[in-house]
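Trainee: Structure below; questions to follow.
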Amino acid sequence: MALHAAALLPSAFSTHKEGKSSASLKDSCFFGVSLISDHVKADKREFSSRKSPVLRVQAVATAPTATPAASQGKKTIRKGTVIITGASSGLGLATAKALSESGKWHVVMACRDFLKAEKAAKSAGMAKESYTIMHLDLSSLDSVRQFVDNFKRSGRPLDVLVCNAAIYQPTAKEPSFTADGLLPDDMKESDYPSKRLIIVGSITGNTNTLAGNVPPKANLGDLRGLQGGLTGLNTSSMIDGGDFDGAKAYKDSKVCNMLTMQEFHRRYHEDTGITFASLYPGCIATTGLFREHIPLFRLLFPPFQKFITKGFVSEEESGKRLAQVVSDPSLTKSGVYWSWNKDSASFVNQLSEEASDAAKARKVWEVSEKLVGLSE
Ligand SMILES: NC(=O)c1ccc[n+]([C@@H]2O[C@H](COP(=O)([O-])OP(=O)(O)OC[C@H]3O[C@@H](n4cnc5c(N)ncnc54)[C@H](OP(=O)(O)O)[C@@H]3O)[C@@H](O)[C@H]2O)c1
């Protein structure tokens, strides 16, 4: 499907096509725990005893992030662990780089192409000990489950999860299907001061904006397509039950991302203290997201955004914005959608009527739970 930003969650986008799951299981097993980079194996030892409070305290005390405050006997916090899906390029990579450079985070880059991710991290100049690459292909629920298992085995705490990965197939004539979700309960166990789950949204799913009014507009309708499973087998592959349209599928899935974030907030924020947020990082017209668009669009889109709409943001700037949502102490409001003004100051933005429809959010959640096998 068009989007995988809601990885690791009961998601509307991991549709199941019969007969493909066994192949993907093979793939995901091939990329097992053993593919965690060597430099991380050392790190793993640091965290492998997280069930033991005594050893955990030791790990914190010997962490290389100790600040001058620590040596003066003041309380310091350990490095946070953040998982970023789709960190091999664009926004995900820029965010991984910004967080790794802050020295306060260990970034788990959850990527489908291990070698591409390793190359990207190296060429971004990320310090080796600041990241781990773990295989995750969001087009397969088996791979998602394998990833969750591998992450749990790494022994790392889960402090922040960023659901960033996506694809955009505006010119596709036919839908493509995934081979076949989970709120990481571990996040509840994390002792990190500010636990966050972030799902990257977009202006294009919000019909209360100019960009969101460019046809085809997002519209989930009564969710009849989603309820049908989006398999393309005697049912529509579009959430609203209509004919397939790649550009609309992307926008619809972004609405689902923003609804899912709010439903998470309603269900979990009060009990867990986890901050749930979404954002529009700006138009990052140069990323790989547009790789499947026609060549003329790819040529003209960046200058159009830079000089006409002036909505363009560099990958570096967008990475800093998402990194803010991950770690800025002033951005702890839960259930909100962040945007930035022309001076790059963050503000809580208004979502469209559909993207803030609580009844629809609940229904998207419940149907998705069934589709991914988390409920009857
Ligand atoms: N670009 C914009 O203007 C813009 C604006 C608003 C929101 N966004 C959002 O920002 C997020 C990142 O997009 P981007 O612009 O940075 O695009 P990008 O450079 O194409 O990055 C997308 C990432 O998702 C990964 N991915 C795709 N399918 C996957 C799968 N099945 N399993 C695992 N990973 C997968 C890609 O992996 P590979 O490297 O292996 O392909 C890549 O790392 C998306 O949620 C997008 O909707 C972008």
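Throughout, read-outs are computed from the coordinates displayed, never taken from laboratory work. Fair warning: this is a prediction, and the values are worked out from it, not measured in the lab. Counting neighbours? That spans all protein chains shown, and the Cβs are built from the backbone with ideal geometry, glycine included.
Trainee: Enumerate the amide H contacts of C283 below 5 Å, restricted to partners 5 or more residues apart or on another chain; note that Pro and chain-start residues carry no placed amide H.
Mentor: Under 5 Å from the amide H of C283 lie the amide H atoms of V313, each far enough along the sequence or on another chain.
Trainee: Amide H to amide H, which residues 5 or more places from Y131 or on other chains are under 5 Å from it, using H placed in the peptide plane?
Mentor: HN-HN under 5 Å from Y131: V107.
Trainee: Kindly write out, for the range 151-166 in residue order, the coupling ³J(HN,Hα) from the Karplus curve 6.51 cos²θ - 1.76 cosθ + 1.60 (θ = phi - 60°), rounded to whole Hz, with x marking Gly and Pro.
Mentor: 5, 4, 5, 5, x, 6, x, 10, 9, 9, 10, 10, 8, 10, 4, 7
Trainee: Rank these for me by crowding, K104, K119, going from fewest to most other beta carbons within 10 Å.
Mentor: Placing the least packed residue first, the sequence is K119, K104.
Trainee: Need one number: nm distance between label points at A359 and I77, each 7 Å from Cα along Cα→Cβ, rounded to one decimal.
Mentor: 4.0 nm
Trainee: Residue separation times 0.36 nm, minus the C-alpha to C-alpha distance between T235 and L299: what's the value?
Mentor: Length gained, T235 through L299: 19.4 nm.
Trainee: If you filter the range 305-351 for trypsin sites (Lys or Arg not before Pro), then keep DSSP loop positions with at most 14 other Cβ within 10 Å, what is left?
Mentor: Counting only loop positions with at most 14 other Cβ atoms within 10 Å, the trypsin sites (Lys or Arg not before Pro) in the range 305-351 are K310, K333, K342.
Trainee: For the range 343-350, just list the computed ³J(HN,Hα) in residue order, Karplus coefficients 6.51, -1.76 and 1.60, θ = phi - 60°, integers in Hz, with x standing in for Gly and Pro.
Mentor: Going residue by residue, I get 8, 6, 9, 7, 8, 7, 9, 8 Hz, with x marking Gly and Pro.
Trainee: Along the Cα→Cβ direction, 7 angstrom out, place labels at S123 and V214. What is the inter-label distance in nm?
Mentor: 2.6 nm
Trainee: Still on this structure, I have one more. Can you tell me the length gained on complete extension of the stretch E292 to V348, counting 0.36 nm per residue apart and subtracting the Cα distance?
Mentor: Answer, rounded to one decimal: 17.0 nm.
Trainee: Amide H to amide H, which residues 5 or more places from Y337 or on other chains are under 5 Å from it, using H placed in the peptide plane?
Mentor: The list, which skips near neighbours in sequence, is S278, N349.
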